[in-house]
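In what follows, a single structure is set out as structure tokens and then discussed.
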Amino acid sequence: MDSRGLDEAGGPRGIAAMSRPEEDPVVRDCRRETAVVAVIALVAMAYSVGYCALFGYGRAGEPIHFVLGFPSWVFWGIVAPWGVCVLIAGWFSWRFMSDEELGAVSEDADDA
């Protein structure tokens, strides 16, 4: 049996039989943007669930304080994080996302 891996079997030494093609810049940017959105969503969810669990439950007999008509735990656990996420989404879409050229567009007579 040949102890060499599949990348070396049958080809010259040092040259891989299957090399990875260069990654498309659009795919690379999409992966980067997806990772950032996922991290922001997870952080916002963890904060909201954690804050509301800590300050929204177990309030037997305590007075409820209001902020702009919302109970304080609702305002600081839900309304404020949503506002921050809206600001982050604006920054993300206007500053962080990149616009790559997708290539030439060919128009057919049937498409018109």
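The values are calculated or read from the model by the stated rules, or taken from the named source; none is laboratory data. Quick caveat, the model's predicted, so the values are computed rather than measured. Heads up, the Cβs are rebuilt from the backbone with ideal geometry, glycines too, and the neighbour counts pull from every protein chain shown.
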Go through the residues of region 41-61 one by one and say whether even a single one is on the phi > 0 side of the Ramachandran plot and either in contact (Cβ under 8 Å) with a residue 24 or more places away in the chain or over 28 Å from the mean Cα position of the chain (by Cα) (or both). yes
Which count do you get for residues in region 72-99 that are surrounded by 11 or more Cβ atoms within 10 Å (Cβ to Cβ) and either in a loop (DSSP other than H, G, I, E, B) or touching a residue at least 60 places away in the same chain (Cβ under 8 Å) (or both)? 3
Just a yes or no: is a residue in region 22-44 polar (S, T, N, Q) and either assigned to a loop (DSSP other than H, G, I, E, B) or out of contact with any helix residue (DSSP H, G or I) (no Cβ under 9 Å at 6 or more places or on another chain) (or both)? yes
Within region 14-48, which residues are in contact with an Asp or Glu (Cβ under 7 Å, 6 or more places away or on another chain) and at pLDDT below 80? Ala16, Ala17, Met18, Pro25, Val26
Could you check, for region 57-71, whether at least one of its residues is within 30 Å of Val26 (Cα to Cα) and either part of a helix (DSSP H, G or I) or in contact with a strand residue (DSSP E or B) (Cβ under 9 Å, 6 or more places away or on another chain) (or both)? no
Taking Tyr51 as meeting all but one of (1) loosely packed, with under 11 Cβ neighbours inside 10 Å; (2) hydroxyl-bearing (Ser, Thr, Tyr); (3) outside any loop (DSSP other than H, G, I, E, B), write down the number of the exception. (1)
